[in-house]
Structure formats: structure tokens, C-alpha cells
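Peer 1: Starting off with a structure, shown below.
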Amino acid sequence: MLTGIPAAIFYILTGIILGSAVMVVSSKNIFHCALFLVLCFFGVAGIYILLSAEFLAAVQVLIYVGAITILMIFAIMLTAKLYSAKIRQSNEQVLPGIIIVAALLVATIFTLSRTAWKLSYETAQVQSTVGIGKLLLTKYVLPFEVVSVVLLTALIGAIIIARKE
Amino acid sequence: MVGLTHYLTLSTILFCIGIFGALTRRNAIGILMSIELMFNAVNINFVAFSKFITPNDFVGQIFAIFVITVAAAEATVGLAIVLLIYRNFKGINVDNINIMKW
């Protein structure tokens, strides 16, 4: 539970995340979308710090802000002349989309506000970075290795897909 | 007072914004960005559950790390496909790309 200044920080971060997310899906200029995506990822990193997951906050900034968004901007630059403000960026499904999304939102928020979560009020014994490091190299060492193979496969696959014949 | 429900509500709204973007964008890169928004919403959920329900067990955070890794792989392959589509179709608006329809 957060009270006082941390709670205020939570609401500020929520405003930043949701505002920039709305700009990501609604802005006419796809390049501005990528920049708002960076802002949104920074906000999510702040939420991780509020949840005392410092390691994940650092990973978020490194991978999402540092790698994925830069990759997106590269792709936008390489597919030139497609991000001018004159090109229509949304299809004809805006109204059905709004209806579906609003229904999903209402149903989910109704459900999660009525659920009795089994909350635990203990505080963590060790810091999250220590705990994650120990678990990744003991109990979860097999998924850890498998996910590195997944990354290697994605790397090779991207090179093979994108190269010229 | 900010508790678990606040974080879950935040991630639900973020997920819905991502779904809206994926449904309505014409640009393939815009759709990939909306998918990244949805991944972030899911990660907020994992970390919030990890903190509020199992604070001494970091399984939720480890799952979030795996989600981030898979998201990176997805973005790489997705953008390679987008570049290939751009080369073949001279455009990446998904409503023009319908050669697999019918």
C-alpha cells in the first residue's frame, strides 16, 4: 500500500503512461508515435520502481527504450515517405474498435474490483535483484537457457527474412 | 492509498489502448507498437501480483523478464517482415496487403 508522496507519484506516472499510450495509438505522424512510446516505457519503468522491482526497471529502460524503440525508428526511417501527416493512419474500424475495447474494459475492471485477492503483507527478505539472480541460475536455469536459444533463433530468422536474394 | 487494484486497473486500461491500436492502425509498424503496449500492460500485472501476493518469491518478475525477451524477439522478426513487405509492396499499410485472402 502506498500513501502520501508515493501515491501521488503513482498517479503522475499513470497520467504519463496513459496519455502517451493514447498518443501512440492516435497520432497521425508515426514518428511521433515512436517518441511517445519511449515516454510510455519510461513511465512503466517508474511503476516498476514503485513496485520495488529495480532490476526490471533497468531492464525496461535498456531493452524497451534502448533497443526496441530504436529498432522501430530504424524501420520507420527505412520505409520512407510513409509517415507524413497526409496519409490516413487508421482504418474504418474505429467505432467498432471503441465499442469492443470499452466493453472489455468495463468487464475486466468490474471483475477485478469484485475479486477478493489473497494479499500478503510481508515485506521481501532480500532485494529483488538478488532474488532474481539466484532463481535464474538455480531453479529457472533451463528456461533461462531456452530463452537465449529463442533470441538466437530470432536473430538468425530476422537476418534471413530481411536479406536480399 | 494505492493497492493492487490500482495497478491492475492501470494495466487493464493500457492493455485496452493497445488492443484499440492493433485493431485500428493501418501502418504495420503502428500495429507492432500497439502490441508492445500490450506486453507492457501484462508485465505490470506480473510485477504487481509478484509484489502484493508473493513478495518473497520473485517468480512474477522472472516471468516478466521472459516476456521482455520474447517481446524483443518478436519486434526483431516483425520489423524484418515489415521491411520485406515494404520491398515487395512499396507500402506497409496492412489493408493493401491481402494476397493471402481468398
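The values are calculated or read from the model by the stated rules, or taken from the named source; none is laboratory data. Since we're looking at a predicted model, the values are computed, not measured. A quick note on method: Cβ atoms are made from the backbone with ideal geometry, for glycine too, and the neighbour counts reach across all protein chains shown.
Peer 1: Of the conditions (1) modelled with pLDDT under 90; (2) over 30 Å from B:VAL94 (Cβ atoms); (3) of a type in the set (Phe, Trp, Tyr), A:TYR140 fails just one. Which one is it?
Peer 2: A:TYR140 satisfies all of (1) modelled with pLDDT under 90; (2) over 30 Å from B:VAL94 (Cβ atoms); (3) of a type in the set (Phe, Trp, Tyr) except (1).
Peer 1: Of all the residues that make up region B:72-98, how many are more than 7 Å from chain A (Cβ to nearest Cβ) and among the hydrophobic types (A, V, I, L, M, F, W, C)?
Peer 2: 4
Peer 1: Taking B:GLY30 and the conditions (1) buried (at least 21 other Cβ atoms within 10 Å of the Cβ); (2) without any contact (Cβ under 8 Å) to a residue 12 or more places away in the chain; (3) more than 7 Å from chain A (Cβ to nearest Cβ), which numbered condition does it fall short on, given that it satisfies the others?
Peer 2: (3)
Peer 1: Residues that are at the interface with another protein chain (Cβ under 9 Å from one of its Cβ atoms) and of a type in the set (Gly, Ala, Ser), at least 1 per element: which helices (runs of 4 or more DSSP H) completely within region A:17-124 meet that?
Peer 2: Of the helices (runs of 4 or more DSSP H) lying wholly inside region A:17-124, those with at least 1 residues that are at the interface with another protein chain (Cβ under 9 Å from one of its Cβ atoms) and of a type in the set (Gly, Ala, Ser) span A:30-50, A:69-78, A:94-114.
Peer 1: Quick check: is even one residue across region A:113-127 touching a residue at least 60 places away in the same chain (Cβ under 8 Å) and in contact with a Lys or Arg (Cβ under 9 Å, 6 or more places away or on another chain)?
Peer 2: Scanning region A:113-127, I find at least one residue that is touching a residue at least 60 places away in the same chain (Cβ under 8 Å) and in contact with a Lys or Arg (Cβ under 9 Å, 6 or more places away or on another chain), so the answer is yes.
Peer 1: Also: Name the residue that is nearest to B:SER50 (Cα to Cα), counting only residues in region A:32-51 that are crowded, with 16+ Cβ neighbours inside 10 Å and not aliphatic (A, V, I, L, M).
Peer 2: Result: A:TYR48.
Peer 1: Also, I was wondering about something else. Can you find a residue that is buried (at least 17 other Cβ atoms within 10 Å of the Cβ) and touching a strand residue (DSSP E or B) at 6+ places or on another chain (Cβ under 7 Å) anywhere in region A:88-102?
Peer 2: yes
Peer 1: If you take the residues of region B:44-61 that are more than 7 Å from chain A (Cβ to nearest Cβ) and outside any loop (DSSP other than H, G, I, E, B), which of them is farthest from A:THR138 (Cα to Cα)?
Peer 2: If we take residues in region B:44-61 being more than 7 Å from chain A (Cβ to nearest Cβ) and outside any loop (DSSP other than H, G, I, E, B), then B:ASN45 is farthest from A:THR138 (Cα to Cα).
Peer 1: Going by the structure shown, is B:LEU10 buried (at least 23 other Cβ atoms within 10 Å of the Cβ), farther than 24 Å from A:LEU104 by Cβ and within 17 Å of the chain's Cα centre (by Cα)?
Peer 2: No, not satisfied.
Peer 1: Pairs please, first residue from region A:150-165 and on the phi < 0 side of the Ramachandran plot, second anywhere and basic (Lys, Arg), Cβ atoms under 9 Å, 6+ apart in sequence or on different chains.
Peer 2: If the second residue must be basic (Lys, Arg), the pairs left are A:ALA162/B:ARG87; A:LYS164/B:ARG87.
Peer 1: Determine which member of the set B:ALA64, B:ALA80 is assigned to a helix (DSSP H, G or I), crowded, with 22+ Cβ neighbours inside 10 Å and at pLDDT 90 or above.
Peer 2: Unique residue meeting the criteria: B:ALA64.
Peer 1: What residue, among those in region A:131-145 that are facing another protein chain (nearest Cβ under 9 Å) and assigned to a helix (DSSP H, G or I), is surrounded by the fewest Cβ atoms within 10 Å (Cβ to Cβ)?
Peer 2: A:LYS134
Peer 1: Further question on the same structure: Do we find that B:ALA22 is over 23 Å from A:VAL61 (Cα atoms) and more than 7 Å from chain A (Cβ to nearest Cβ) in this structure?
Peer 2: Criteria met by B:ALA22.
Peer 1: Can you name every residue in region A:52-67 that is buried (at least 18 other Cβ atoms within 10 Å of the Cβ) and either of a type outside the set (Ser, Thr, Tyr) or touching a strand residue (DSSP E or B) at 6+ places or on another chain (Cβ under 7 Å) (or both)?
Peer 2: Hits for region A:52-67 are A:ALA53, A:PHE55, A:LEU56, A:ALA57, A:VAL59, A:GLN60, A:ILE63, A:VAL65.
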